[in-house]
């Protein structure tokens, strides 16, 4: 989802900042998963994101309900193993989210440049700074 077009009303609404993703822990989880398309074990994901078992489990549940990731239970040398993988729709939503976040950064940088120009240059100088 793209940010609203050029109309002044709602210009900075950023509707593409998906509320499911726009949470530090879930953003960390999805970033880890998109970097590892074959999947990541629960233990490795816990370390990569610096989360506790319970906290990671809760965020995985939210992302799984949103169909952004899939969880597979298996065994490795007779030990239970949980593998998490990002889904195609999860990858699409994540990349759309990043596009919107990039727009936020561009808008903030532009606003910062405009407000830090000396007042005299903002009103009389024909030159860009």
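The values are calculated or read from the model by the stated rules, or taken from the named source; none is laboratory data. Here the structure is a predicted model, which means the values were calculated and not measured. No Cβ is skipped: glycine too gets one built from the backbone with ideal geometry, and neighbour counts run over all protein chains shown.
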Practice item. Test residue 121 against the stated conditions and say whether it is surrounded by 13 or more Cβ atoms within 10 Å (Cβ to Cβ) and either within 16 Å of the chain's Cα centre (by Cα) or at pLDDT below 90 (or both). Key: no
Picking from 100, 82, the residue that is under 30 Å from residue 10 (Cα atoms) and surrounded by 15 or more Cβ atoms within 10 Å (Cβ to Cβ) would be 100
When you look at residue 67, is it modelled with pLDDT of 95 or more and either under 21 Å from residue 11 (Cα atoms) or surrounded by fewer than 16 Cβ atoms within 10 Å (Cβ to Cβ) (or both), yes or no? yes
| If you go through region 55-63 one residue at a time, do you hit one that is modelled with pLDDT under 95 and buried (at least 17 other Cβ atoms within 10 Å of the Cβ)? | no
Here the residues within region 46-74 that are touching a strand residue (DSSP E or B) at 6+ places or on another chain (Cβ under 8 Å) and part of a helix (DSSP H, G or I) are 48, 60, 63, 64
Filtering region 17-58 for residues that are farther than 26 Å from residue 105 by Cα, touching a helix residue (DSSP H, G or I) at 6+ places or on another chain (Cβ under 9 Å) and in contact (Cβ under 8 Å) with a residue 24 or more places away in the chain leaves a count of 8
Checking 95, 33 in turn, the sole residue that is touching a strand residue (DSSP E or B) at 6+ places or on another chain (Cβ under 6 Å) and modelled with pLDDT of 95 or more turns out to be 33
